[in-house]
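Asks: Starting off with a structure, shown below.
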Amino acid sequence: MNMDNVMQALQMMGQGMLGIFVVLGAIALLVLLFQKLDHLGKNK
């Protein structure tokens, strides 16, 4: 097994994990935003 291949695989895995966390964070922010908008709409 070539060490260069292992390092490339780890780098790709790290980028994938980072992408997943970015997407989850964006979804969490959107949920919070929609909750606040919904709460403001119900006060009227």
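Asks: Out of 13, 7, 1, 17, I need the residue that is open to solvent by 90 Å² or more (accessible area, probe 1.4 Å) and not in a helix (DSSP H, G or I). Which one?
Replies: Details: 13 fails: not in a helix (DSSP H, G or I); 7 fails: not in a helix (DSSP H, G or I); 17 fails: not in a helix (DSSP H, G or I).
After ruling out the rest, the residue left standing is 1.
Asks: Scan the stretch 1-26 and report the pairs whose first residue is without any contact (Cβ under 8 Å) to a residue 60 or more places away in the chain and whose second residue is open to solvent by less than 90 Å² (accessible area, probe 1.4 Å), with Cβ atoms within less than 6 Å and a gap of 6+ or a chain change.
Replies: none
The values are calculated or read from the model by the stated rules, or taken from the named source; none is laboratory data. In this text the structure is predicted, and so the values were computed from the model without any measurement. Every residue, glycine among them, receives a Cβ derived from its backbone with ideal geometry; neighbour counts consider all protein chains shown. Ligands, DNA and RNA are stripped out before the accessible areas are found, and what is left, the full protein with its side chains, is counted by its heavy atoms. Shrake-Rupley method; radii C 1.70, N 1.55, O 1.52, S 1.80 Å.
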